[in-house]
Structures are given as structure tokens and as C-alpha cells.
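Novice: Take a look at this one; I'll ask things after.
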Amino acid sequence: MLMVDFICKNTYTMSKKEKILFILVLFFLATLFLPWLKIVNVFAASILCLYAFFFNSWKEKWQVFKKRKYLVWMFAFFVMVVISVLLSSNFQRGLRYLDPRLPLIYFPLTVGLLELRKEFKEKLLLAFACLTSLMVLLCLCWGIYRSGFFKKPEFLYNDSLTEILDQQSIYISLLVNLAIYIFTYHIIFKKNRYRGWMVLAVLFLFIMSYLLASRNLMVVLYAFTIGFSFYYIFRRKKYLEGLTLLMGLFLGGFLIFKFFPKTINRYRELAYTQFDYQSMGKESHYNMEVTKDQWNGANFRMAAWRCGWELFLSSPIKGVDIGDKKDVLMDKYREKNFQFALQTQKNVHNNYLDILYSMGIIGLGLFLLGWIIFPLIYANQHKDLLSILIILTFAIAWVTEIYFDRSLGGMLTGFFIPFLLAGVDR
């Protein structure tokens, strides 16, 4: 009840239409944490898009569409996806790859055409941050229970920690980053009598980010935190507060590492980026000693990225086509006798490279324009720092994973970026 109170009573009064939209969006976001309820998630996304479609008039939609140029490029990218599927020799697999990419069109053309009040967007984002905090608290409690209260601490890390949600830790770590940004925005820039609870939530989420052990997103979080601290110190002349934030970050990091040292293994892998395609070494894990004869997250990506780049060079304009991308990648692995990747059916673990070799320069260009460059320009024009941080976080997260091959990745991208930008200009 406390969470509901500080979300609902500390901002402006919503209209009836906004209240319905608020409930539908929050319901949809809640279903993303529970992938075993796929039918419920599809229902939630469908009813949200249907309501958003009829939320405003056709005239208003057309005015919004003309104003938000990035929507044209989002639409163009999806058209390129469809063309790539149609050109695939393995058409059935192409259709399967199309399914998790559908949110990249139905959210921009529904939620993306709304013109929301900034206060409404901020209230909804705050509700999402609270929801994320509750879900990762559930993960922590489940992890502590499974660990026999730390007798088996490996259950408190990485994918083991999010097993109760049946989600990979990389995606939950992304949501944790977003929740930290949102709470921090309200702590610093908004007046709220529950600021103390938000500070505690941020501290808790920093701990959870460490335990989730996503290298990429941890670096992003810490870099943004340090950058914001220096901004706070020098631009706003809040010397004491800024220094306190930096000292708290370093002290907290030291204490977390002292009591939960396993996450550091994820960074030790970066010392071993050399690879031999024919090696059949074991796959590194945070719960084991890291050695140079293993395949780890760093050297595997180096090897797979080289394969993806060679495939791009073989068909640079339109790519190998989405439906055929797995077959040609496996052929490339066979050519290099990359048995480890063949046996584990690994993809290239890079959203940009996946688009580049499957859809060519045209596909990647449309994607960069529609989902990163023009959205960032639009958010910057309206001085929406929170949206800029979230879009940049998505952009960096795409470097080490293929988000669009999984329904959650497509849903998160398709919803969040259009939604964020729907509430910056009113």
C-alpha cells in the first residue's frame, strides 16, 4: 500500500482515460517478468495496443506522426525485416524470427502515436521502478532460500538468481538499471515525501545489479553514476552531496565485493580474449576458477563476432536474410571447425552484428536511424535526460546480446523507446 500511495498521491490527477492506460501498461509490464504466462502477456500487449490505438483521433495521430520523424525510420526498418523474411530460402524459420520482432512495429504505431503528459509518463515509470524492485526482491529471497542461507552462495548470482522468473539475468539487469535511473531522477529533480524509501530502493538495486553480474550493464551503471556525480559536483555546485555519492559508491562496491566475491570472475574473463576455434575447453562460469584454456564470455564473443563479420563481407548490401542467418552461421562455424559453438548452437551475441550480416548495411542503417540516432535527437531537443539515459542503455546493452531473437528483448525495445518519447513534448 505504501508503494501505491507514493505513486498515486504525489503527482497530478489523471483523467479517466489516463487511469485506464496506466493500468493496462502496468499490467503489460508485470507480465514481462513472468514468461510462463505467455498467453497472458500476449493478451496484455494486445489490449494495450488496442486501447492506445483508439486513445486519440486520427487527426491527432497524423499530427504526431509528422512531428516524430523517428517513427518513419522505425516503420522503414520493420518493412526491411519483412522483406528479408520474404527473401529467405528458409521461409518458415524466417517467420519464427519475425514473431519476436513484431513489437518493433505494433508499439511504435500505437503507443508511439500517443501524446502523453510528461507527468503521466513519469508516474508510470515510477510504478515500473517499484514493480522491478519487488520482482528482484522476490529473486533475492528465493536465492537466499535456495542457498541454504549462503551455504551455497552460487544461487545468489547471475542466471541462478533470476531462475524463479525464468528469465536471463541480462534482461533483469537492464530493468534494474532503468529502475535506478527512474528513482534517482525522482530523488534529485522531484519533490516527494517518500524520497527516503527511494534512496533505500536505489541502494538495494545497486546490490542486485552486482549480483546479477551483467558486465556490460554494470559498467554502464557505474559510468553513468560517476558521470552524474561529477555533473552534480561541478555543474550544480553540490560538492558535499556529489562527493558523498562517489564515496558511497566506492564503499558500497568494496563491501559487496568483500561479501559476494564471485561476480569478479565475470571480469577476470576479460584477461583471456585469445581463442582457438578448434578448442574444446570447458565453458567458463562465475562459480569456477577462470583459466586461459576455457571458453568464456569474452573470447567466445571475439570468435563469434569474427564469424559474423565475415558473413557480412560475403553479402554486405542486403545480408544473408533473416530466415537463413542461423544456417549460414552454422556453416561458418563448420568451416572454422568451431565445434564448441556448433554443439551449443551459439549465435553471434551482438544485436548490431546480427542485423548487419542478416540484413546488410541497409538494415543496420535503418535500425540505427530509427531506434537510436533520431530518438536521441528528439529526446535531446526536449531536454529529456531520463529518456536519453534509457535509450543509451538499450543501445549499449545491444552490443553483447541479440535482443530481437527473444520475445522479451523485442517487447522491451518496442515498448520503452516509443513510450518514453510519447511523453516528452507536452
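The values are calculated or read from the model by the stated rules, or taken from the named source; none is laboratory data. Everything numeric here is computed off the predicted structure, so don't read it as measured data. Glycine also receives a Cβ, built like all others from the backbone with ideal geometry; neighbour counts cover every protein chain displayed. Each accessible area value is taken on the protein alone, full model and side chains, heavy atoms only, with ligands, DNA and RNA left out. Shrake-Rupley method; radii C 1.70, N 1.55, O 1.52, S 1.80 Å.
Novice: Take region 151-177 and flag every residue that is free of Cβ contacts under 8 Å to residues at least 24 places away in the same chain and hydroxyl-bearing (Ser, Thr, Tyr).
Specialist: Within region 151-177, just SER160 meets the criteria.
Novice: When you scan region 277-310, how many residues do you find that are among the hydroxyl-bearing types (Ser, Thr, Tyr), touching a residue at least 40 places away in the same chain (Cβ under 8 Å) and open to solvent by 20 Å² or more (accessible area, probe 1.4 Å)?
Specialist: 2
Results for (1) charged (D, E, K, R); (2) open to solvent by 60 Å² or more (accessible area, probe 1.4 Å); (3) modelled with pLDDT of 90 or more; (4) out of contact with any Cys (no Cβ under 8 Å at 6 or more places or on another chain), shown as yes or no for each residue.
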residue	(1), (2), (3), (4)
VAL136	no, no, yes, yes
GLY143	no, no, yes, yes
TYR157	no, no, no, yes
LEU165	no, no, yes, no
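Novice: Determine whether region 292-309 contains at least one residue that is under 16 Å from ASN351 (Cα atoms) and in a loop (DSSP other than H, G, I, E, B).
Specialist: Checked region 292-309: no residue is under 16 Å from ASN351 (Cα atoms) and in a loop (DSSP other than H, G, I, E, B).
Novice: Still on this model: Considering region 178-190 alone, what residues qualify as being without any contact (Cβ under 8 Å) to a residue 60 or more places away in the chain and either open to solvent by less than 10 Å² (accessible area, probe 1.4 Å) or not in a helix (DSSP H, G or I) (or both)?
Specialist: ALA179, ILE180, PHE183
Novice: Out of the residues in region 62-88 that are assigned to a helix (DSSP H, G or I) and modelled with pLDDT under 95, which is most open to solvent (accessible area, probe 1.4 Å)?
Specialist: The first filter runs over region 62-88 and keeps only residues assigned to a helix (DSSP H, G or I), leaving 62-67, 70-87.
Then drop every residue that is not modelled with pLDDT under 95, which leaves 62-67.
Values: TRP62: 141, GLN63: 93, VAL64: 3, PHE65: 56, LYS66: 88, LYS67: 90 Å².
Residue satisfying both the conditions and the ranking: TRP62.
Novice: Here is a further query. Please list, ordered by residue number, the helices (runs of 4 or more DSSP H) wholly in region 311-426 having 1 or more residues that are open to solvent by less than 40 Å² (accessible area, probe 1.4 Å) and either farther than 30 Å from PHE33 by Cβ or touching a strand residue (DSSP E or B) at 6+ places or on another chain (Cβ under 8 Å) (or both).
Specialist: Of the helices (runs of 4 or more DSSP H) lying wholly inside region 311-426, those with at least 1 residues that are open to solvent by less than 40 Å² (accessible area, probe 1.4 Å) and either farther than 30 Å from PHE33 by Cβ or touching a strand residue (DSSP E or B) at 6+ places or on another chain (Cβ under 8 Å) (or both) span 325-335, 339-344, 351-368.
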